[in-house]
Amino acid sequence: YPDEMNPWSTLGEMLIHHGPQRGRSFAESRGAWERLVALDPRHVSALVHLGVIAAIRKEFDELNDLCARVEALSPGSDSSLWMRALQVYAAGDVAGKADVIARVRRSSDLTITWVTRFVGEYLGDFDGAEAIAAALTDPVRSAPARALGHAYMAHLEMSRGRPEAAMRALQVAGRNDAATGLHYRGLLAAHPLLVTSRETIEAALQDLRSWITPAD
């Protein structure tokens, strides 16, 4: 069934998200997304994923065209914001970055997390991703949202190779929301690329056991 859209979408998602974990290029997913666009030129998700590939490869003419197409199909949407973030951060557009940050601050918590991931994960711009994630830590956000923002800061510190700074960020996350801080502290303690003392792992495990109480 070569014209069924769901299998092409699933193939594209698998290749772009899991291929790099196995040493494969993001661009290997391009054929699946192009097939989707051929079947449906208004397929916004496929256009966004093609935008990711263009931004990673710094193919700016293609990226600009894809941004315009997404904005025309879905003006003012999360998808258009993701594309705009890819466009300006890939190009190093200082004024454009300020515009994205302003839009992010007016967006939902979930939208901020996705823009953070687009800039940090796909473009490897950890400073840019940190500036975006900082919007989650604004005092007007809920305590769990602020905790998640600091958890993202911890992820970015780990990406920079600074586990001690990551732990400090998680301590701040825990002060905002204990469950979020504990969750990510447990993940950090079990990180396969870190040498973690047995005492640290046991302390995290004990805290997790204390947090998970039996149902009444």
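If the condition is being assigned to a helix (DSSP H, G or I), open to solvent by 50 Å² or more (accessible area, probe 1.4 Å) and within 16 Å of Tyr122 (Cα to Cα), then segment 51-71 contributes Ile56, Phe60.
For segment 102-132, the set of residues classified as aliphatic (A, V, I, L, M) and under 18 Å from Ala90 (Cβ atoms) consists of Val104, Val115, Val119, Leu123, Ala129, Ala131, Ile132, listed by residue number.
The residues in segment 22-31 that are under 27 Å from Tyr1 (Cα atoms) and loosely packed, with under 14 Cβ neighbours inside 10 Å can be counted, and the count is 2. Number of residues in segment 184-214 that are in a helix (DSSP H, G or I) and surrounded by 12 or more Cβ atoms within 10 Å (Cβ to Cβ): the value is 14. Per this entry, Val37 is counted among residues that are assigned to a helix (DSSP H, G or I) and touching a His at 6+ places or on another chain (Cβ under 7 Å). Going through (1) more than 19 Å from the chain's Cα centre (by Cα); (2) crowded, with 21+ Cβ neighbours inside 10 Å one by one, Glu34 falls short only on (2). Across segment 24-47, a minimum of one residue is classified as β-branched (Val, Ile, Thr), in contact (Cβ under 8 Å) with a residue 12 or more places away in the chain and closer than 20 Å to Arg117 by Cα.
Count of segment 6-21 residues, restricted to those that are open to solvent by less than 60 Å² (accessible area, probe 1.4 Å) and hydrophobic (A, V, I, L, M, F, W, C), is 2.
Considering segment 81-132 alone, what residues qualify as being on the phi > 0 side of the Ramachandran plot and among the acidic types (Asp, Glu)? Passing the criteria: none in range. When we screen Ala166, Ala178, Ala133, Ala143 for residues that are under 16 Å from the mean Cα position of the chain (by Cα) and among the small types (Gly, Ala, Ser), the only hit is Ala133.
The values are calculated or read from the model by the stated rules, or taken from the named source; none is laboratory data. The structure presented is a predicted model; accordingly, all values stated were derived computationally and were not measured. Cβ atoms come from the backbone with ideal geometry, glycine included; neighbour counts cover every protein chain shown. When the accessible area is computed, the model is the full protein with side chains, heavy atoms only, and any ligands, DNA or RNA have been set aside. Shrake-Rupley method; radii C 1.70, N 1.55, O 1.52, S 1.80 Å.
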